[in-house]
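Student: Please see the structure below; I have some questions.
The values are calculated or read from the model by the stated rules, or taken from the named source; none is laboratory data. Predicted model, so just to flag it, every value in this text is computed and none were measured. Positions of Cβ are generated from backbone atoms using ideal geometry, with glycine treated the same way; all protein chains shown enter the neighbour counts.
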Amino acid sequence: MDAEISKKEYSIIALLIIIFVGLDVLLYLFINNNDKVINKIEKNKYNTYKSTYITVDKQASIYLNNYYNLIRIDSKKAFEKFEKKSLSHLTTQEAFDDYVKKMNLSSTVVKKLYFHKVGKNAYYSIIDGNDNKVTFKVNGVMNYTVDFR
Amino acid sequence: MKIYFRDILLVIILVFIGATIYIIVNKNDKKDLSNIKVVDNSTQYYNVVSVVNKYVHYSNEDDKSKIFKILDDDYIYKKGIDASNVFKYVRKYSDGNVSFKGDIMYYEKISDNINKYYVSGQIESVSMNDYEIIDENFYTIVLVDNKNSSFSIIPDDGKTFKEVEKWMLK
């Protein structure tokens, strides 16, 4: 094969290859840049917040409130969060409903709290204002299971 | 057989077009999820809940400019959003007493001061005599600047959150 290409044309080819490769590299970097590093979010009138410190006691009270409310408004979900193996006779929804009906859940006051951590889980063992014992096993805030012991 | 300049030029242009199409078609949408963790700090969690409540209240007020000002700049740019079309991307909750109730939340550190939160929960309407869940499956992404106490929002239809959750439950 003979090539009828002048020196000038070789230079144009080389230049074009460099330009095209450069453009494709830039395109690749641009469209695959999913998570741009952001170092600052500029404040405006609407996008600020005030940080509120939540104590362990406060969080315990939130769990108690949340679960007692769930029993009232959606006992199916409350049963899903209940550790079935904790009380062996409460393995059905009906048995659970009967059991919680007999509990006095009117108080969400945390009378006593024992908090500890084991591995990834945090445990909030609570005695409420009516002396019910409830333990929340938590793996991530608001991701909990419940045990009446 | 002789090779001419125009033949080489044609081949180069075809290769360039082919490579460009390949890059666009094989766009990498996959996120690196390995740095994502579950939020286990209550203060961090409720700061994000308060931010999401602000976002929900602004949408409830039907105020386009407020919503526009809390959306993430990059999201605005990519979607071509302006103050007039913002509600095409943000759901409006037209009820006087809406609030957000959070479920499990995940986060990743984007830079020294910025965390990105993957949020799920429900939008509920609470009044003296009534309680109603308006949206059982609400999702959003929140960027929080801890140093500046500022935030921005990336609306999510649940696709990103579910992808993150699937990875976390592996």
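Student: Suppose we keep only residues that are modelled with pLDDT under 95 and β-branched (Val, Ile, Thr) within the stretch B:123-170. Which one would you say is surrounded by the fewest Cβ atoms within 10 Å (Cβ to Cβ)?
Tutor: B:Val126
Student: Further, regarding this structure: Give me the pairs, please: first residue somewhere in the stretch A:46-60 and within 7 Å of another protein chain (Cβ to nearest Cβ), second residue anywhere and part of a loop (DSSP other than H, G, I, E, B) and of a type in the set (Gly, Ala, Ser), beta-carbon distance under 6 Å, and either six or more positions apart or on two chains.
Tutor: What qualifies is A:Thr48/B:Ser149; A:Tyr49/B:Ser149.
Student: Condition first: among the basic types (Lys, Arg) and either without any contact (Cβ under 8 Å) to a residue 60 or more places away in the chain or out of contact with any strand residue (DSSP E or B) (no Cβ under 9 Å at 6 or more places or on another chain) (or both). Now tell me which residues in the stretch A:72-83 satisfy that.
Tutor: Residues satisfying the conditions are A:Arg72, A:Lys76, A:Lys77.
Student: Of all residues in the stretch A:65-102, count the ones that are in contact with a Phe, Trp or Tyr (Cβ under 8 Å, 6 or more places away or on another chain) and hydrophobic (A, V, I, L, M, F, W, C).
Tutor: Of the residues in the stretch A:65-102, 7 are in contact with a Phe, Trp or Tyr (Cβ under 8 Å, 6 or more places away or on another chain) and hydrophobic (A, V, I, L, M, F, W, C).
Student: Filtering the stretch B:148-170 down to residues that are in contact with an Asp or Glu (Cβ under 8 Å, 6 or more places away or on another chain) and not polar (S, T, N, Q), which residue is nearest to B:Tyr77 (Cα to Cα)?
Tutor: The selected residue is B:Ile154.
Student: From (1) more than 28 Å from B:Leu143 (Cβ to Cβ); (2) at pLDDT below 90, pick out the condition that doesn't hold for A:Ala78.
Tutor: Single failed check for A:Ala78: (2).
Student: Among (1) surrounded by 11 or more Cβ atoms within 10 Å (Cβ to Cβ); (2) in a helix (DSSP H, G or I), there is one condition A:Gly22 misses while meeting the rest; what is its number?
Tutor: (1)
Student: Any residue at all in the stretch A:84-107 that's free of Cβ contacts under 8 Å to residues at least 40 places away in the same chain, within 8 Å of chain B (Cβ to nearest Cβ) and either closer than 30 Å to B:Leu71 by Cα or under 25 Å from the mean Cα position of the chain (by Cα) (or both)?
Tutor: no
Student: Please count how many residues of the stretch B:27-47 are within 9 Å of chain A (Cβ to nearest Cβ) and either touching a residue at least 12 places away in the same chain (Cβ under 8 Å) or of a type in the set (Lys, Arg) (or both).
Tutor: Summing the residues that are within 9 Å of chain A (Cβ to nearest Cβ) and either touching a residue at least 12 places away in the same chain (Cβ under 8 Å) or of a type in the set (Lys, Arg) (or both) in the stretch B:27-47 gives 9.
Student: Identify the residue in the stretch A:37-63 that is aliphatic (A, V, I, L, M), more than 19 Å from the chain's Cα centre (by Cα) and buried (at least 16 other Cβ atoms within 10 Å of the Cβ) and, among all such residues, is modelled with the highest pLDDT.
Tutor: Selected residue: A:Ile41.
Student: Okay, moving on. In the set B:Val51, B:Val15, B:Val11, which member is surrounded by 19 or more Cβ atoms within 10 Å (Cβ to Cβ) and modelled with pLDDT of 90 or more?
Tutor: Result of the check over B:Val51, B:Val15, B:Val11: B:Val51.
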